[in-house]
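The values are calculated or read from the model by the stated rules, or taken from the named source; none is laboratory data. Note that this is a predicted model, so its numbers are computed, not measured. For neighbour counting, all protein chains shown are included, and Cβ atoms are generated from backbone atoms with ideal geometry for every residue, glycine included. SASA here: full protein model, heavy atoms, side chains in, ligands and nucleic acids out. Shrake-Rupley method; radii C 1.70, N 1.55, O 1.52, S 1.80 Å.
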Amino acid sequence: MRVTHSKGTFSGAMKPDIGYTLKLMRQLHEGQTDHSGRPYALHPERIAQNVKIIAPHAGDDVVMAALLHDTIEDCGIDEAFLRQKGYSEDCITMVSLVSKPDNDERPYSQVIDDLIASGHQGALILKIADNMDNLHPERVRNLMAHDPEKAQRLRERYRASIEKLCLATGIHKDRVFELIDNSPNLENMDMALK
């Protein structure tokens with residue numbers, strides 16, 4: 001089976017693994033950049049690394065969902081596309097749970113509360129890992145230089161989110177904040193991912 005997407009053609013003949021998912025994610029995010037001009041695909045890669053650090057017991061589905069976590073929001077794909085690629089229903093569920101539709105007007109705190117209410121531990125771990133990268137000191141400094149008010153608002157939002165998510169997962173929030181505070185610089189992290 002071959003599936004054509006505006007970002008390329010992929011074979012859906014075998015069950016995807018982390019390597020395949022990494023390539024697919026890079027292709028789907030091709031040409032996208034973050035607010036500091038870095039290739040956007042580096043963000044999901046760092047999130048997958050964060051998942052492995054905070055939840056070393058997490059299975060491949062959680063790591064693959066981390067890699068794919070922004071594809072529904074940012075790449076014009078849907079659950080059916082992921083299903084055609086052979087991803088498990090659990091992986092697809094995680095990606096869907098952390099995807100916020102364009103027309104969703106819930107405040108971020110409600111999005112997090114609803115995610116916690118889902119009870120899906122993999123999705124909660126993924127969201128902690130996402131918020132960790134969003135709070136990376138270098139990313140916060142870059143945003144602070146461009147929009148201090150937004151940087152402060154997002155910092156408070158993500159810290160509150162991590163506290164709630166850690167409580168729901170049993171992950172120690174102090175350890176998570178320590179990992180964030182002691183994060184290597186982005187250039188070194190990004191080079192290690194290439």
Pairs of lysines in the chain (C-alpha under 19 Å apart; 8 or more residues apart or interchain): 15
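Suppose a student asked you for the relative contact order of the stretch 30-91, using Cα pairs under 8 Å spaced at least 6 residues apart; what percent would you report?
Reported as a whole number, the value is 25 percent.
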Dipole magnitude (debye, nearest 20) for the stretch 1-158, charges at Cβ of Lys, Arg, Asp, Glu: 440 debye
Degrees between helix 121-134 axis and first principal axis of the chain (Cα, 0 to 90, nearest 10): 60 degrees
Where the stretch 91-156 is the region considered: accessible area per residue in Å², 1.4 Å probe: 48 Å²
Rounded percent of accessible protein surface that carbon and sulfur make up, the chain, 1.4 Å probe: 50 percent
Cβ-derived FRET efficiency at R0 25 Å, F177 paired with D147, nearest 0.05: 0.60
Loop GluC sites (Glu not before Pro), the stretch 60-137 (other Cβ atoms within 10 Å of the site Cβ: 12 or fewer; DSSP): E105
Three-way shape call for the stretch 24-98 based on the alpha-carbon gyration tensor, with the a/c threshold at 1.5: oblate
C-alpha long axis of helix 148-169 to longest principal axis of the chain, angle in °: 70 degrees
Structure-derived Cα extents along the principal axes in Å - corresponding label in (1) 47, 35, 34; (2) 43, 41, 31; (3) 74, 32, 29: (1)
Nearest 10 degrees, 0 to 90: helix 108-118 Cα axis against the chain principal axis: 60 degrees
